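Here the structure comes first, spelled out in structure tokens, and everything after it is commentary.
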């Protein structure tokens, strides 16, 4: 039997898992993401956050390895785990793990992020999603050979798996665009706190999605203005403008990201993410006639377990 | 000889002109845009702002007509001047002018905005730009017959003129997108206060523009993330990331808006706007092989003069 302390440490939250043989013995969550560390922040902030969330586990199981994924390994993190270049297999991530020193002098192994650095295209980066993918694909070696993975979110990721490696990926700032437009642009002014009925919300999402589908290159900054005019002309109730904008933005992401899926209907599409957001993406994909092969929620702890095994930090059967 | 008090009254500023025979006798500016009215705001705020900027002109020339354009005629303005439907000629705007009562009981005539409300497409609106166009085209009846007008800005407008009317237009939220992404998204975090050298700024703008040109439908929310990765990978100096993002966004707008110009090389393209921003658009248009027929800066006072003449508020030769 083998135990592991596994940390999913992102920008706005910290999740800790005490694992045994790949299963959760105990799970904890704190708000101490790397941008919300306890005072005084910095190195001491990381140590305090660590002590508070799992200092007792560490005392109880001093021999137990500790691993972490996410922004904790970024340049602003506890200790930088430099990006590994794509294509990369799990073994590449394990070999190039970053390291930090725990308050008791022990070692924390940090999953590195991935860098796509093709000189002919703009670069792209991933940090944290690679371990969720590793978790989702744990029981499916065939998906490591050939699949597409979609992780909707603040920064949506579309990842291509091939020959046992993360081969390519693209980031879409869809979630963050939605948030800044609602919170800081003229579009938010017509949006009330009150939510639309499920029916109005669905119809508005679909309308935004269809406008996105009819669009061409560069149309987005024109399309989003219609969020305002749909309200001004009362074609949509103000409560549903948020849903319309969501349909526009997700529609644009899907138009772009699924272009390469055309003619490859057999490539499995795997979705990893939170339920309500995944439902919107599923609704859009369905409209485009694209099926989703499987859907996962939180898989980072499984990925961290696999990572620890690849690094020989735990004994597996 | 005929005099006119003309107000260009937008969201963030108020400009007042004392005109005689279409020329400026005196010009004043205040920060009392409709979102920055003097206390206590509302109707009283409009009256106070008016008194302060040109109460003396009003006393000196009590017979002189007063006209205004811009957001002062919106639903949040002094008095709403409802949108006129496209296609619309200057005479349509003059006939459907809005009215407000001045502090001394006189009348303020307000230029109405324009509404594009094709049931098969998302609606669009303009308010203020129509009078700038009227000004720019004052000496060019041939452009009223057939031309395209570009007004770069927070909300860029592309307007098609045909048969003496404003026939069609599209709004692009390019400037506002740029501002909210720099000020409120992760992209701004890598951007220092310091500006890039003119050479670095130009090269970064061109790089962003070329990425936009290579893009397809819906790529924008992917492309903008590269503003971050270009900095992370040091392909661009952080000081030039702002210029790169500007190139990306203006590039996307031009890709979309100029699609309908392909095959119509003889249609005049007229640009109206502030110098530095127009220069960026000119740089992009040149890359696309599209020439600009003429360029104007502030033409609203000329448009207001024309509007007053169409409404028979002044005597013209």
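In segment B:257-286, the residue that is nearest to the chain's Cα centre (by Cα) out of those that are within 14 Å of chain A (Cβ to nearest Cβ) and more than 20 Å from residue B:133 (Cβ to Cβ) is B:284.
Name the residues in segment A:217-234 that are surrounded by fewer than 21 Cβ atoms within 10 Å (Cβ to Cβ) and either facing chain B (nearest Cβ under 7 Å) or closer than 15 Å to residue B:249 by Cα (or both), would you? Across segment A:217-234, the qualifying residues are A:217, A:229, A:232, A:233. Restricting segment B:308-317 to residues that are in contact with a helix residue (DSSP H, G or I) (Cβ under 6 Å, 6 or more places away or on another chain) and part of a loop (DSSP other than H, G, I, E, B), the residue that is surrounded by the most Cβ atoms within 10 Å (Cβ to Cβ) is B:314. I'm told residue B:305 meets every condition in (1) modelled with pLDDT under 95; (2) buried (at least 20 other Cβ atoms within 10 Å of the Cβ) except one. Can you identify the failing condition by its number? All conditions pass for residue B:305, except number (1). Among the numbered conditions (1) in contact with a strand residue (DSSP E or B) (Cβ under 8 Å, 6 or more places away or on another chain); (2) within 14 Å of another protein chain (Cβ to nearest Cβ), the only one that residue A:296 does not meet is (2).
Can you name the residue in segment B:73-94 that is closer than 23 Å to residue B:12 by Cα and more than 17 Å from the chain's Cα centre (by Cα) and, of all such residues, is surrounded by the most Cβ atoms within 10 Å (Cβ to Cβ)?
Residues of segment B:73-94 that are closer than 23 Å to residue B:12 by Cα, as a first pass: B:73-83.
Applying the additional criterion that residues be more than 17 Å from the chain's Cα centre (by Cα) yields B:75-82.
Working: B:75: 9, B:76: 12, B:77: 20, B:78: 28, B:79: 16, B:80: 16, B:81: 25, B:82: 13.
Of everything passing the filter in segment B:73-94, B:78 is surrounded by the most Cβ atoms within 10 Å (Cβ to Cβ).
Of all the numbered requirements in (1) within 9 Å of another protein chain (Cβ to nearest Cβ); (2) in contact with a helix residue (DSSP H, G or I) (Cβ under 7 Å, 6 or more places away or on another chain); (3) buried (at least 19 other Cβ atoms within 10 Å of the Cβ); (4) modelled with pLDDT of 95 or more, residue B:184 misses one, and that requirement is (3). Against the list (1) within 14 Å of another protein chain (Cβ to nearest Cβ); (2) modelled with pLDDT of 95 or more; (3) part of a loop (DSSP other than H, G, I, E, B), the condition residue A:125 fails is (3). Filtered by the rule that a residue be touching a residue at least 60 places away in the same chain (Cβ under 8 Å) and within 10 Å of chain B (Cβ to nearest Cβ), segment A:235-249 gives a lone residue, A:249. Of all residues in segment B:147-184, exactly one satisfies the criterion of being in a loop (DSSP other than H, G, I, E, B), touching a residue at least 40 places away in the same chain (Cβ under 8 Å) and under 16 Å from residue A:186 (Cα atoms), namely B:153. Scanning segment A:151-160 for residues that are closer than 13 Å to residue A:277 by Cβ and away from chain B (no Cβ under 13 Å) gives a single hit, A:151. Counting only strands (runs of 3 or more DSSP E) that sit completely within segment A:1-72, those holding 1 or more residues that are surrounded by fewer than 19 Cβ atoms within 10 Å (Cβ to Cβ) correspond to A:3-9, A:14-20, A:23-30.
The one condition from (1) in a strand (DSSP E or B); (2) surrounded by 20 or more Cβ atoms within 10 Å (Cβ to Cβ); (3) away from chain B (no Cβ under 14 Å) that residue A:133 does not meet is (1).
The values are calculated or read from the model by the stated rules, or taken from the named source; none is laboratory data. Just so you know, these numbers come straight off a predicted model, no measurement behind them. Neighbour counts are summed over all protein chains in view; Cβ atoms, including those assigned to glycine, are modelled from backbone coordinates with ideal geometry.
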